[in-house]
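Taking it in order: structure first as structure tokens, then the write-up.
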Amino acid sequence: MKRKLGDLTGRIGDSLDIPKDLSYRESVLTLTGSREVFIENYKCIRKYQDTCILLLSKENKIQIEGTKLMIVYYTDVEMKITGNICRILFL
């Protein structure tokens, strides 16, 4: 039932030209080179190491791999990760 309500909300947002990150509550990742990433609409931090950060989002897991990774700041809505980012996976 919850899934159907989310799909309906998303379709209504599509018809009103509301951005998908708002209507579907999708995560938004903004990369600046391979040195930093801003992440919006995540749920929680599951793993935090200097080589791997694993986040939960609404639909999947987001794994950021690299070296010297550090969460510079985070709120309940967004976060900034810096370091040498080698790979981003959606699991």
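Taking the residues in region 32-53 that are of a type outside the set (Val, Ile, Thr) and in a loop (DSSP other than H, G, I, E, B) as candidates, determine which candidate is surrounded by the fewest Cβ atoms within 10 Å (Cβ to Cβ). It would help to see each step written out before you state the result.
The first filter runs over region 32-53 and keeps only residues of a type outside the set (Val, Ile, Thr), leaving 33-36, 38, 40-44, 46-50, 52.
Right, trim to in a loop (DSSP other than H, G, I, E, B) and you get 33-35, 41-43, 49-50.
On the way: Gly33: 7, Ser34: 12, Arg35: 13, Asn41: 16, Tyr42: 20, Lys43: 13, Gln49: 9, Asp50: 11.
Result: Gly33.
Within region 57-66, the set of residues being out of contact with any Leu (no Cβ under 8 Å at 6 or more places or on another chain) and modelled with pLDDT under 95 comprises Ser57, Lys58, Glu59.
Name the single residue that is surrounded by the most Cβ atoms within 10 Å (Cβ to Cβ) among those in region 54-71 being aliphatic (A, V, I, L, M) and under 15 Å from Ser34 (Cα atoms). Ranking the candidates gives Ile64 first.
When the residues of region 61-77 are filtered to those that are β-branched (Val, Ile, Thr) and not in a loop (DSSP other than H, G, I, E, B), which remaining residue is farthest from Glu26 (Cα to Cα)?
Quick first cut of region 61-77, residues β-branched (Val, Ile, Thr) only: 62, 64, 67, 71-72, 75, 77.
Within this subset, residues satisfying the condition of being not in a loop (DSSP other than H, G, I, E, B) are 62, 64, 67, 71-72.
Values: Ile62: 12, Ile64: 17, Thr67: 26, Ile71: 20, Val72: 22 Å.
In this case the residue turns out to be Thr67.
A single entry from Lys58, Lys80 fulfils the requirement of being in contact (Cβ under 8 Å) with a residue 12 or more places away in the chain and part of a loop (DSSP other than H, G, I, E, B): Lys58.
The values are calculated or read from the model by the stated rules, or taken from the named source; none is laboratory data. This one's a predicted model, so the numbers in the text were calculated from it and none came from an experiment. Neighbour counts are summed over all protein chains in view; Cβ atoms, including those assigned to glycine, are modelled from backbone coordinates with ideal geometry.
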